Amino acid sequence: MSKSISIDQSHSIIQVLANNVDWNALDGDLLQEKVIKQPREAGKEFTNFLQNGARVQIVGDYFRESGELRIEIPALPRPTLGELQKKYDFIRSIESDDSPTEPVTLVLGTVLHSGESSINGTEYEYRLKSIGGKFGYQQGIWLVEHQDELPEFKKLCGEVYIDLPGLIVLGGDGRRSFPCLREYGGRWNLNWFWLGNVFRLDDRIARSGK
């Protein structure tokens, strides 16, 4: 449960924001109309801003397709908690699973902006929130099992890492992880990636494409 903010904390936060706003870049007449004359609506918007970690709500998404391959994958069911725990004893629960269950086309991409070489785990998780159709465990297993029939996919083995963040699980140590595809012994294997880790240039995200 989140801890409520004290009056002193709220005053301190408002003061810090006030001291760091670029007031010269703002339209005074617009603020008069939208804040002074509509205080309740402005307050709701500001509350949403703070609830979002003092970030502007995402519009669109951060995903940029890398163009390395497109693969048709059949409809696949999501795994149950019991199925996962039979194979991975570290998993305590499923936090979320919005991975597709219908037939999909695999595309790979990144959430890095031009000029970025990496982002930390907190920023990575934030950018992931904007992406729909993220692949999960079932698509990862299918790709591993069919890799010898997919030469364009097999060719990327060892060149990139592929994240499948449609499924998030909680481990016994409290860490949140998602399945990923990594090279081991010259072949693709399914592993687990801690959500707090960085995202780099050789990382990819698998999602459904159009």
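Some notes on this structure:
- Summed over the range 84-109, the residues that are within 21 Å of Asn189 (Cβ to Cβ) and over 19 Å from the mean Cα position of the chain (by Cα) give a count of 8.
- Pair list, Cβ under 8 Å, 6 or more apart: the range 94-117 residue at negative phi and touching a residue at least 24 places away in the same chain (Cβ under 8 Å), other residue open to solvent by less than 60 Å² (accessible area, probe 1.4 Å) and among the acidic types (Asp, Glu): Thr110/Asp203
- Within the range 83-93, being surrounded by 13 or more Cβ atoms within 10 Å (Cβ to Cβ) and either touching a residue at least 40 places away in the same chain (Cβ under 8 Å) or over 21 Å from Gly171 (Cα atoms) (or both) holds for Leu84, Tyr88, Phe90, Ile91, Arg92.
- Listed by position, the helices (runs of 4 or more DSSP H) contained in the range 1-51 that have at least 3 residues being out of contact with any strand residue (DSSP E or B) (no Cβ under 7 Å at 6 or more places or on another chain), surrounded by 11 or more Cβ atoms within 10 Å (Cβ to Cβ) and modelled with pLDDT of 70 or more are 7-20, 39-51.
The values are calculated or read from the model by the stated rules, or taken from the named source; none is laboratory data. Bear in mind the structure is a predicted one, so any value in this text is a computation, not a measurement. All Cβ positions, glycine included, derive from the backbone under ideal geometry; neighbour counts span all protein chains shown. When the accessible area is computed, the model is the full protein with side chains, heavy atoms only, and any ligands, DNA or RNA have been set aside. Shrake-Rupley method; radii C 1.70, N 1.55, O 1.52, S 1.80 Å.
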